[in-house]
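A short worksheet on the structure shown next.
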Amino acid sequence: MLKVEEIEVRYSGVPVIHDVSFHVNGGELISIVGANGSGKTTVLKTVAGTLHPTKGSMEFENEDISASTTVEIVRKGITYVPEERRIFGPLSVEENLKLGAYIVNDREEMEKSLDYVYGLFPILKTRWKQLGGTLSGGEQQMLAIGRGLMSRPKLLMLDEPSLGLMPKLVDEMLEAVATLKKEGNTILLVEQNVREALEMADRGYVLQTGRTIHEGTGQELLETDIVKRAFLGL
Amino acid sequence: MEMLVPTIISALLMGMLFALVALGLAIIFGVMNIVNFAHGEFLMVGMYTAFLTATVFSIEPLLTLPIAAMVGFLLGIASYYFLVRYLLKGPMLAQLLGTFGLMIFLRYLAMCIFGPDYKTLEQGVLIGKSIKWGSVVLSYPRLGTAVLSLIAFGIIYWLINRTRLGKALQATALDVEAASYMGIDTERMRGLAWGLGGATMGIAGALLTNFYYVFPTIGILFCMIAFATVALGGFGSIKGAFIAGLIMGLIIDLGGTYIGPHHKFALVYLTYFLVVVFRPQGLFGW
Ligand SMILES: Nc1ncnc2c1ncn2[C@@H]1O[C@H](COP(=O)(O)OP(=O)(O)OP(=O)(O)O)[C@@H](O)[C@H]1O
Ligand SMILES: [Mg+2]
């Protein structure tokens, strides 16, 4: 479905991603793990169209997307749930969700998505009128994911959904991600909680200073030296 | 003292126009974080549009409103696409000086085309009439302008708070990057903000033409009032722009009546200064 090959990405001329390749098939949950600053967010933002690769290629459903704008990417069916959630604080929960369905013109479809998201995260329904900025961290993350689901994307990219949450909530959040996958969503997940992220993933990639250095099933990666040493402290 | 009530009423009426003028500035600032120094010149263009349309085709000045709104809208959009868009790529100073340059350009273009003369409309349903109500005398132009400003303000408020497009505009104002992840074309929203800001000024200008002189340098006066109003209300706050507009009307008219007409605009600066020092976020800012 998504195929990224040997991309290089630069920030104002300086390469940060040197050589990253990965692919996502329909229905898969793919985890990308790596140390702080290894370039995970940069990779997701490049797929999202905020940044563009200076080398390599990106295809989504066999179409070249390496030069597509963010708006085009969203319309093709990829949404990005950014790191640190980026909720519209002064807008209500429901207004935030409706903005997630900005590209959906059909009212009925939008209502259906809203029901779907409220079904996934019932707490959002009880808080629908509350301002996004006044939600707790966990609730904001649910809102961010819900907002990303509102356009019913073909591929959902989650950037550290458990960031800054207390341990109990981290588990809850990752369970929610697992549920999403069970319901047939295709997910590209970036996570700090390496063990959990790799255990629940179909496949995963290890990123190190802008390069994908390992690829395999979650279990395979958990047994590599680099994952054991760098992330699991074994 | 018997002057007090009529002065207050008249001041509040004028305040509604100030609110409209501030609204245009607030929209542009809210979405772009950029101060439009040419704001007053947008008003001037609206005034000339109304004045010329009304005199050349001898039509009722109020009917020129939609035309002035349209011209203002196009002027705003053009300013964004041909100038501001490029300024954004430059340093902060370029952004400041850029719209300053636009201000000078429009002002002296008007000077060049129309000359420095003061012009006034002589005919129109509102012009030169007033209504007496007890001891209170209200001029029709002020009354009509206030009502129409209120309506225009209401429509724009509705547009921003109740429509899908308005929500997208707000999202862009709050967080451009997050807005783009929603599939919102943020570049278009910025253009739209300038268009709306321009249209607001077109309308305000056309209204003002009913009771004020039209001349090329009128912009500076209203630009300063708009800055002070927006600072008072809180940058980017629509509710703030409204309340602050009314307060600004009171300051200018009461000051003019009780302290002296020479000082009324000094009071505007004084208010601006006090707000900046004591409550920089304004009344309704965050
Ligand atoms: N806007 C930017 N301009 C310049 N360099 C940047 C920018 N954003 C990130 N970088 C650099 O790019 C590298 C990768 O950053 P990125 O945010 O993609 O890492 P990450 O893997 O997501 O890290 P984290 O786990 O902390 O979120 C880092 O060295 C970072 O300093
Ligand atoms: Mg990151």
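One table, with the values for the structure above:
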read-out: Residue match in region A:116-129 (condition: out of contact with any helix residue (DSSP H, G or I) (no Cβ under 9 Å at 6 or more places or on another chain), free of Cβ contacts under 8 Å to residues at least 60 places away in the same chain, open to solvent by 20 Å² or more (accessible area, probe 1.4 Å) and charged (D, E, K, R)); value: no
read-out: Which listed residue, of B:Ile151, B:Ile127, is in a loop (DSSP other than H, G, I, E, B) and under 23 Å from the mean Cα position of the chain (by Cα); value: B:Ile127
read-out: Count - residues of region B:6-57 that are under 19 Å from B:Leu83 (Cα atoms), touching a residue at least 12 places away in the same chain (Cβ under 8 Å) and not aliphatic (A, V, I, L, M); value: 9
read-out: When residues of region A:174-194 are limited to those that are within 16 Å of ligand 1 (Cβ to nearest atom) and not in a strand (DSSP E or B), the one most open to solvent (accessible area, probe 1.4 Å); value: A:Gln192
read-out: Number of the exception - A:Ala35 against (1) open to solvent by 30 Å² or more (accessible area, probe 1.4 Å); (2) more than 16 Å from ligand 2 (Cβ to nearest atom); (3) more than 14 Å from chain B (Cβ to nearest Cβ); value: (2)
read-out: Subset of region B:152-176 (residues that are surrounded by fewer than 15 Cβ atoms within 10 Å (Cβ to Cβ) and either among the β-branched types (Val, Ile, Thr) or at the interface with chain A (Cβ under 7 Å from one of its Cβ atoms) (or both)); value: B:Ile155, B:Thr163
read-out: Residue within region A:47-64 that is at pLDDT 95 or above, within 26 Å of A:Ala197 (Cα to Cα), within 12 Å of ligand 2 (Cβ to nearest atom) and under 14 Å from the mean Cα position of the chain (by Cα) present; value: no
read-out: Evaluation of A:Gln219 against (1) away from ligand 1 (no atom under 16 Å from the Cβ); (2) part of a helix (DSSP H, G or I); (3) more than 24 Å from A:Ser21 (Cβ to Cβ) (one fails), failing number; value: (3)
read-out: Only one of B:Phe211, B:Phe222 that is of a type in the set (Phe, Trp, Tyr), closer than 15 Å to B:Phe18 by Cα and assigned to a helix (DSSP H, G or I); value: B:Phe222
read-out: Residues of region B:183-203 classified as within 12 Å of chain A (Cβ to nearest Cβ) and open to solvent by 10 Å² or more (accessible area, probe 1.4 Å), total; value: 4
read-out: Matching helices (runs of 4 or more DSSP H) fully within region A:57-132 where at least 3 residues are facing chain B (nearest Cβ under 10 Å); value: A:70-76, A:93-100
read-out: Scan of region A:38-66 for residues that are away from ligand 1 (no atom under 16 Å from the Cβ) and either in contact with a Gly (Cβ under 9 Å, 6 or more places away or on another chain) or not assigned by TED's automatic domain parsing to the domain that holds A:Gln192 (or both), ordered by number; value: A:Phe60, A:Glu61, A:Ile65, A:Ser66
read-out: Candidates B:Ala94, B:Ala26, filtered to the one that is over 19 Å from the mean Cα position of the chain (by Cα) and modelled with pLDDT under 95; value: B:Ala94
read-out: Complete set of residues in region A:146-171 that are of a type in the set (Ser, Thr, Tyr) and touching a Gly at 6+ places or on another chain (Cβ under 9 Å); value: A:Ser151
read-out: Pair list, Cβ < 7 Å and 6+ apart or interchain, from region A:2-25 residues that are on the phi > 0 side of the Ramachandran plot and more than 14 Å from every other protein chain (Cβ to nearest Cβ) to residues that are modelled with pLDDT of 95 or more and more than 10 Å from ligand 1 (Cβ to nearest atom); value: A:Glu6/A:Asp19; A:Glu6/A:Ser21; A:Glu6/A:Lys55; A:Glu6/A:Gly56
read-out: Selected residue (criterion: farthest from A:Ile103 (Cα to Cα)) from residues of region A:135-164 that are crowded, with 19+ Cβ neighbours inside 10 Å and within 16 Å of ligand 1 (Cβ to nearest atom); value: A:Ser162
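The values are calculated or read from the model by the stated rules, or taken from the named source; none is laboratory data. Please read all numbers here as calculations on a predicted model, not as lab measurements. Note that we place each Cβ from the backbone using ideal geometry, even for glycine, and neighbour counts take in every protein chain shown. For the accessible areas, the whole protein counts, side chains as well, though only heavy atoms, and no ligand, DNA or RNA atoms are used. Shrake-Rupley method; radii C 1.70, N 1.55, O 1.52, S 1.80 Å.
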